[in-house]
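Below: one structure, written as structure tokens.
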Amino acid sequence: MNENKINPLLCDPETGMCEMPIGEESNQKASIPAENKPIKIIYYTDPICSSCWGIEPQLRKLKLEYGDYIEIEYRMGGLLPDWTYNSGGISKPSDVAHHWDEASLYYAMPIDGDVWLEDPLDSSYPSCIAMKAAQMQSKERAVYFMRILREKLYLDKKNIAKWEHIVEAAKIAGLDIAKLKTDYEGDAKKLFQEDLNLGRTLGVRGFPTLFFSDGNNNQLTVYGSKPYASYENALSALLPEAKKKDIPNENSLSLFEIFPTLAPKEYAVILDISYSEAKDILEELYQKGKLDKKTIKNGSLYSLK
């Protein structure tokens, strides 16, 4: 065992995992009830986890193809409590910048690591708590809210530990700001602690971690950023009768009616085409004035005009 515990911000592309600073193993197997759909997925994530940004394409595809069968419950992991530890070659925020640029290339998702040089985050806890506050208003809007937070962090280099940037994302997501602030300062902290406690019980050791359950105590776990087939196979093993839906693709803009923003990697994975083909299609739509494009040093993000 390596004595230098991997720093959680050094996400290992090979395992696709951002590991916790302190991992507590648990032998308990918590029951995961499937309430509204045949399969419940508990997804442990963190707004600043680059590997979680890396599985956005797979998750979006899973929702489109198997949304009738699955309910995804987003739980926050608290990846970066603070900077009081020094490990894995990272002792300060600026050490993360180059690593994030490498992660961007590996996952083919746009990430600008310079946020760690220009306006570094001191913790991921504020964004985790904000996510719990958002969930108190609407689970659907909360998912959109976290997507916006991530775009602000990875593309706009905004420090999403700061309340001003949390508010900007919440407004775009259509959340009630006054309620968000009240909940953020109150019950959301308790809900976040509950997520941390359940994570220890489930043995979460890093992010992303997805627990698939059929409600009869049959569970499968997918650790780290994996190809789409890994998530599909876990679902099929628990629910063999699940039939995938056709992905809406009446025209090349159809996906944008579902997802306001798409990176080329997302477009490619969802439509099962090559990355270069996805880039060509999106770029042509942009040149024709059908799409807007935000370009950073490590990629682009497209949206409807």
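At 0.36 nm per residue, minus the direct Cα-Cα distance, what do Q287 and K245 gain on full extension? Give it in nm, one decimal, please.
12.0 nm is the gain from fully extending Q287 to K245.
Assigning unit charges at the beta carbon (Lys, Arg +1; Asp, Glu -1) and nothing else, what dipole magnitude in debye, to the nearest 20, does the range 119-169 show about its Cα centre? Intermediate values should be presented prior to the final figure.
Details: 9 positive and 7 negative charges, 39 e Å.
Dipole magnitude for the range 119-169 comes out near 180 debye.
Determine the relative contact order of the chain: mean sequence separation of Cα pairs under 8 Å and six or more apart, normalised by residue count, in whole percent.
25 percent
Could you list the square roots of 5 times each eigenvalue of the Cα gyration tensor of the range 159-216, that is, the equivalent ellipsoid semi-axes, sorted largest first and rounded to whole Å?
Semi-axes from the Cα gyration tensor: 28, 14, 13 Å.
In Å and on Cα atoms, what radius of gyration and Dmax does the range 49-113 show?
15.3, 45
With a cut-off of 8 Å between alpha carbons and a minimum separation of six or more residues, what is the relative contact order of the range 141-196 in percent?
Computed over the range 141-196, the figure is 31 percent.
Eigenvalues of the Cα gyration tensor times 5, then square-rooted: what semi-axes does that give for the range 124-221, in whole angstrom, largest first? Write down the numbers at each step before the final one.
Numbers: eigenvalues 130, 47, 35 Å².
Taking √(5λ) for each Cα gyration eigenvalue gives 26, 15, 13 Å.
Please give the per residue accessible area of the chain, computed with a probe of 1.4 Å over protein heavy atoms only, in Å². Let's see the in-between values first.
On the way: 13540 Å² over 305 residues.
Averaged over the residues of the chain, the accessible area is 44 Å².
Tell me, what is the FRET efficiency for S31 and S94 to the nearest 0.05, using R0 = 41 angstrom and their Cβ-Cβ distance as r?
On the way: r = 43 Å, r/R0 = 1.06.
It comes to 0.40.
If pairing requires two Cys Cβ atoms under 4.7 Å apart, which cysteines of the chain are left without a partner?
C128
Could you check how much of the accessible area of the chain is carbon and sulfur, as a whole percent, using a 1.4 Å probe? Don't skip to the answer; put the middle values down first.
On the way: 6540 of 13540 Å².
Accessible surface attributable to carbon and sulfur in the chain totals 48 percent.
Pull up the DSSP beta bridges for the chain and report the antiparallel fraction as a percent, rounded to 5.
Working: 22 of 29 bridges.
Taking every DSSP beta bridge within the chain, about 75 percent pair in antiparallel fashion.
Starting with the highest mean, order 133-141, 63-71 by the number of other Cβ atoms within 10 Å, averaged over the residues of each peptide.
133-141, 63-71
Taking only DSSP H segments of four or more residues, each worth -39500 (n - 2.57), what value at 222 nm results for the chain once the sum is divided by all its residues, to the nearest 500 deg cm²/dmol?
About -12500 deg cm²/dmol.
How big is the shadow of the Cα convex hull of the range 182-300, averaged over all directions, in nm²?
The directionally averaged projection comes out at 11.4 nm².
Could you compute how fast the range 245-292 diffuses translationally, taking Rh as the Kirkwood radius over C-alpha pairs and applying Stokes-Einstein at 4 °C with viscosity 1.567 mPa s? Give it in µm² per second.
120 µm²/s
I'm spelling it out carefully: the read-out is Rg and Dmax of the Cα atoms in Å, the candidates are [x] 19.7, 64; [y] 24.2, 82; [z] 18.7, 56, and one was derived from this structure. Which label?
[z]
Measure out, as a whole number of angstrom, how far apart the alpha-carbon centroids of the range 264-305 and the range 202-231 sit.
If you average the Cα positions of each part, the centres end up 29 Å apart.
The values are calculated or read from the model by the stated rules, or taken from the named source; none is laboratory data. What you are looking at is a predicted structure, and each value in this text was computed from that prediction instead of being measured. Cβ atoms come from the backbone with ideal geometry, glycine included; neighbour counts cover every protein chain shown. Side chains included, ligands, DNA and RNA excluded: accessible areas come from the protein's heavy atoms. Shrake-Rupley method; radii C 1.70, N 1.55, O 1.52, S 1.80 Å.
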